[in-house]
């Protein structure tokens with residue numbers, strides 16, 4: 001059975017929500033009136049500005065910045081923060097984008113690279129509409145916002161890789177389905193680490209589809225008909241998270257580490273799930289959860 005993640009998952013994985021959050025934190029920490037950002041597109045190091053906050057015009061929206069050109073291009077090429085006190089007259093940068101910068105009224109501007117696994121993935125900018133030096137505090141706050149965005153992109157990369165594995169096995173071999181089950185468990189562990197609620201919900205929906213759950217997760221967690229069809233088994237999301245880890249052979253300690261919980265908490269979730277499933281051992285709980293359609 002093939003499973004293709006929805007288009008909304010792909011959109012969420014673009015990282016735009018994380019960029020918006022990083023820009024908000026940057027402006028809040030520095031008081032800068034204008035902040036904008038973009039991710040580096042596949043190919044010859046071209047950055048496209050896609051997120052702006054505090055802008056007065058659309059001059060910068062969608063602007064393509066090539067590596068080495070302007071302040072942002074210089075930041076991409078050098079993979080380090082760069083800033084100028086007066087953009088239009090600075091001799092430290094080239095001036096291919098002066099018209100767009102002037103239209104927005106930008107004078108003093110800072111650009112900080114977003115580096116993931118030694119590769120520049122984007123740039124965060126902060127700007128003033130007056131020619132004033134940007135101090136160490138401003139640079140430090142921009143670097144912190146960039147680090148937050150880097151960690152978010154790492155998580156999204158991990159999610160993208162796991163989603164690729166959830167497309168389903170080509171055949172019905174045990175090995176192929178085991179890969180899907182491992183991806184399901186990893187996605188369940190990853191979802192709580194994602195701040196973007198839309199992406200988190202989409203990942204959990206993919207997990208539900210993998211497990212064969214007909215309905216979406218509600219407030220009390222996933223549900224499925226019991227094996228005899230007479231009753232309904234309702235587990236909380238955390239109980240399913242724990243069972244997914246157990247299904248991959250994780251001990252309580254390992255499951256706790258993956259899920260960001262205490263081992264005692266994992267044990268309590270597992271005990272509760274076993275009671276609801278009528279299981280006496282961890283293995284019985286996993287088997288019962290699979291029969292009930294709660295795990296793939």
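Bear in mind that the values in this text are calculations on the coordinates, not laboratory data. What you are looking at is a predicted structure, and each value in this text was computed from that prediction instead of being measured. In this analysis, Cβ positions are derived from the backbone assuming ideal geometry, glycine residues included, and neighbour counts consider all displayed protein chains.
Here are a few things to note about the model shown:
- With the largest listed first and rounded to whole Å, the semi-axes of the equivalent ellipsoid of segment 7-150 from the Cα gyration tensor are 21, 17, 15.
- Working from label points 7 Å from Cα in the Cα-to-Cβ sense, the residue 24 to residue 193 distance is 2.2 nm.
- Computed from label points 7 Å out along Cα-Cβ, the spacing between residue 78 and residue 283 is 6.2 nm.
- Residues 118, 209 arranged by fewest to most Cβ contacts within 10 Å: 118, 209
- Taking the inverse of the mean 1/r over every pair of distinct Cα atoms in segment 239-287 gives a Kirkwood hydrodynamic radius of 10.3 Å.
- From least to most packed, judged by other beta carbons within 10 angstrom and beginning with the fewest, 184, 66, 280 follow the order 280, 66, 184.
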